[in-house]
1. Any idea how many residues of segment 401-421 are more than 25 Å from His373 (Cα to Cα) and not hydrophobic (A, V, I, L, M, F, W, C)?
2. Going by the conditions given, is Arg339 closer than 30 Å to Gln28 by Cβ, open to solvent by 30 Å² or more (accessible area, probe 1.4 Å), part of a helix (DSSP H, G or I) and not hydroxyl-bearing (Ser, Thr, Tyr)?
3. Determine which member of the set Ala84, Ala140, Ala144 is at pLDDT 95 or above and open to solvent by less than 10 Å² (accessible area, probe 1.4 Å).
4. Which residues, taken from segment 125-169, are among the small types (Gly, Ala, Ser) and touching a strand residue (DSSP E or B) at 6+ places or on another chain (Cβ under 6 Å)?
5. Could you tell me whether Ala293 is open to solvent by 40 Å² or more (accessible area, probe 1.4 Å) and either at pLDDT 95 or above or not in a strand (DSSP E or B) (or both)?
6. Looking only at segment 159-188, how many residues end up being more than 27 Å from Thr102 (Cβ to Cβ), open to solvent by 10 Å² or more (accessible area, probe 1.4 Å) and either among the charged types (D, E, K, R) or touching a Pro at 6+ places or on another chain (Cβ under 8 Å) (or both)?
7. With the condition being of a type in the set (Phe, Trp, Tyr), I'd like the strands (runs of 3 or more DSSP E) fully within segment 519-561 carrying at least 1 qualifying residues.
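The values are calculated or read from the model by the stated rules, or taken from the named source; none is laboratory data. As the structure is a prediction and not an experimental result, all values here were calculated from the model. Cβ: placed from backbone, ideal geometry, glycine included. Neighbour counts: every protein chain shown. For accessibility, only protein heavy atoms count, side chains too; no ligands or nucleic acids. Shrake-Rupley method; radii C 1.70, N 1.55, O 1.52, S 1.80 Å.
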Amino acid sequence: MVARFPFAFAVCVLAASPGAAEDLPWLQVSADGRGFIQAQSREPFIPWGFNYDHDGDGQLIEDYWDEQWDAVESAFAEMKALGANVVRIHLQFGKFMEDPATPNRHSLEQLARLTTLAEKTGIYLDLTGLGCYHKQDVPAWYDALAEQDRWDAQAAFWEAVAKTCADSSAIFCYDLMNEPVVPGGTKRRDDWLGGAFAGKHFVQFIALETKGRQRHEIAQKWIGKLVSAIRKHDQRHLVTVGLVPWSLERPGLTSGFVPERIAGDLDFISVHVYPEAGKVDEAIETVKGFGAAGKPVLIEEMFPLKCGADELSRFIDRSRPHAAGWIGFYWGTTPEEYRSAKAKGAGTIGDALTLSWLELFEKKTPQIFSPVHAVSCEGHYQRHLQGIAVEPHAIYWSFTTELVKTDLNGRVLKKIPVADHHGDLCFDAGRLYVAVNLGEFNDPQGNADSWVYVYDAVDLSLLAKHPTPQVFHGAGGIGIHNDSFFVVGGLPDAVDENYVYEYDRSFGFIQKHIIESGHTHLGIQTATFAGDRWFFGCYGEPKILLVTDAEFQMQGRFELDCSLGVVGLPDGRMLVASGRCVQDLGCSGRVDIAVADDEVGLEILGSRER
C-alpha cells in the first residue's frame, strides 16, 4: 500500500516541534522514564539539534558574543530553520569566574541575553558548563586548586548559572561538564585536562588521584555536590552530564562514570557516540548499555567523523528504541554556503563532511518529529491481520472480516464487520481501497471472485464496489502509484512468477505485469510503492519480501515477513505489520517502523513485539 497525504502530514510534523517564540513549554522526564514531555500538555518532546560549541574559525562563543552578537543571532535562526529544537552551548569556566567564589557579572548578563534569544527563536538550550577547552584561557589559580577547592569553585559556577537561568523555560538542561573522567590506577596526574583534539581539550579530570577511593564513588560525590549547588536556585530544570562512550564497565579504558552507579542524582544520561564505519552494531550496543541506568538516554554528540552519513543515518534509525534524542554539530555555515563553496572548488574535506551531516539532519528532521510510531492495535479479532494503511491521523487495519480504524496510538476509533475475505488495503484522498475475494484463492481453475471495495476513511461507510475479474486467482493486496491502482493476489503451487494487475482510477483494466520472482507460496499478499520501488509481502516458510523497481523488474528477494502489511511513509520510513492469533482470545495486530536496506530489503527498527 501507499498513502498519499504529503501536505497534511507536513502540518503534523511541524506541530510536533516547539512552536511560538517566547512560549516554550517547560519540560520534564516522562512518567515511564524513557523520554521527555512538555510538562503541561504531556506531549512528547524529542531533543533534536546541534552543538554550537565554536564558530567556523574555532572561536568559542564567549570569544565573539560581545562584538559579533549578530553572528550568534544568525546562527540560532539558521539552526531553527534547519529543524533544530535544542542547541547545546559550552560555557567556559575561565570566562565565568573571576576567582573561586566570584562570578563574572558580564558573562552572566550575556548568558541571560542568550537565554532571551533562545526564547525568541523557539529553541531550548542544553547548557554545558565548566569548559576548559582552550588551555591558554584556564586561570592559573584554578589549576592550582586542590580537589575539594576546585569542586567548590565549580559549585559556585553552577550556582551562578542556575540563579541566572532558573526562571526561563528555554533551558532544556544543565550538563555539569563535558566528558568528565576519574583517573584510574594509583599514580597522581599532573594535569586536569585530557589530550587536545583539534586544539581543544574536551576531556577533563575531576580528580588528580583516587587516594584509594572507588572511582565511581568519586564521580557520585562530585555529581551530588554540583547538583546540590544548582538546586539552591533551580528546582525545576533537568540535570545531566555528557559522558564518553567508554564509561561502561567493559575491559580496557573507562572513565569511572559508570551509568548505573552515577545516575542517582541525574535526571537523564547523556552519551557522546561517533559510530565507526562497519561498526554500527557496536555503537547501538553502547547506547543500550547507557540505557541500563533506567533513565532517558540523550545522544548528545554525533557526527560522521568515523563513518559516512549513510551509516550515521542507520545509527540514528537503529538507536530510536533506545535513545530519547540526538544532537549533532553546527558551526555557523549553512548547507547552501557549503554547496556554493563546493561549486566554486573552494570546499575542504571537512566542509564536505559537515555538508553531508547537515543534509542528513534536514532529511531526518521530519522523521524525528513524525507522529507515526510503532504501536499495537487495540483489541483482538476473529480472523488474522491482512494489511494496513496509514494517513496523518489514523491507521487502518484489515482483519479479514473486520475493518478497523485507530488513532496513531492504536486506540480504536471505528470498526465495522466486512465480507470474508477482505485483504490488504491502501489509502488515497480520503478513501480506503481494499482488495476483496469472495471466491476461492489459488485455484488453478480460477474460481475466484475478485473485487476492490472502496470505503470512506472518516466513518468507514462503503462507497463503491469494483469488480477485478482479471485477478484470476483471488485479489489479496493493493497499492497505488502514478494514479493507477495495482492489485496482487494468490497463485497455484506450480507457478514460478507473480502477476500485478494495473487499473485506472475508475478501475478500468490497463494491463497485467509479470514479476520474474520465482515461486512464492500462495502468490503475493501485500503491496506498497515507496521511494522508487515496489515492496511485496509473501507467505511461505520462510516468508518472502520481493522488491522491484517501478517497472516490476526484480531488485531483490529477501527472507522477511511483510505478509501482514507494509506501507511507505512520506518521511521515507515504512511501517511493517505483524500479528498473531491465540485460541480463545483472537488475533492481534502491530506495526513497527522500518527503513529500506539494500542488503536485507527492510530493516525493522527495534524488536517486533507480539
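1. Here the count works out to 4.
2. Values: closer than 30 Å to Gln28 by Cβ: no; open to solvent by 30 Å² or more (accessible area, probe 1.4 Å): yes; part of a helix (DSSP H, G or I): yes; not hydroxyl-bearing (Ser, Thr, Tyr): yes.
In short, no.
3. On the way: Ala140 fails: open to solvent by less than 10 Å² (accessible area, probe 1.4 Å); Ala144 fails: open to solvent by less than 10 Å² (accessible area, probe 1.4 Å).
The unique qualifying residue is Ala84.
4. Filtering segment 125-169 down to residues among the small types (Gly, Ala, Ser) leaves 129, 131, 140, 144, 146, 153, 155-156, 160, 162, 166, 168-169.
Listed by number, the residues that qualify are Gly129, Gly131, Ala160.
5. Values: open to solvent by 40 Å² or more (accessible area, probe 1.4 Å): no; either at pLDDT 95 or above or not in a strand (DSSP E or B) (or both): yes.
The answer is no for Ala293.
6. Start the filter on segment 159-188 by keeping residues that are more than 27 Å from Thr102 (Cβ to Cβ), which leaves 169, 172, 181-188.
Now drop any that are not open to solvent by 10 Å² or more (accessible area, probe 1.4 Å), which leaves 169, 184-188.
Subset that is either among the charged types (D, E, K, R) or touching a Pro at 6+ places or on another chain (Cβ under 8 Å) (or both): 169, 187-188.
Qualifying residue count, segment 159-188: 3.
7. On the way: elements: 521-530, 533-539, 544-549, 554-558.
Counting at least 1 such residues, we get 521-530, 533-539, 554-558.
So that you can scan it fast, the table gives a plain yes or no per residue for (1) touching a Ser or Thr at 6+ places or on another chain (Cβ under 9 Å); (2) under 17 Å from Asp175 (Cα atoms); (3) modelled with pLDDT of 95 or more:
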residue: Arg88; (1), (2), (3): yes, yes, yes
residue: Phe93; (1), (2), (3): no, yes, yes
residue: Glu119; (1), (2), (3): yes, no, yes
residue: Arg150; (1), (2), (3): no, no, yes
residue: Ala156; (1), (2), (3): yes, yes, yes
residue: Lys163; (1), (2), (3): no, yes, yes
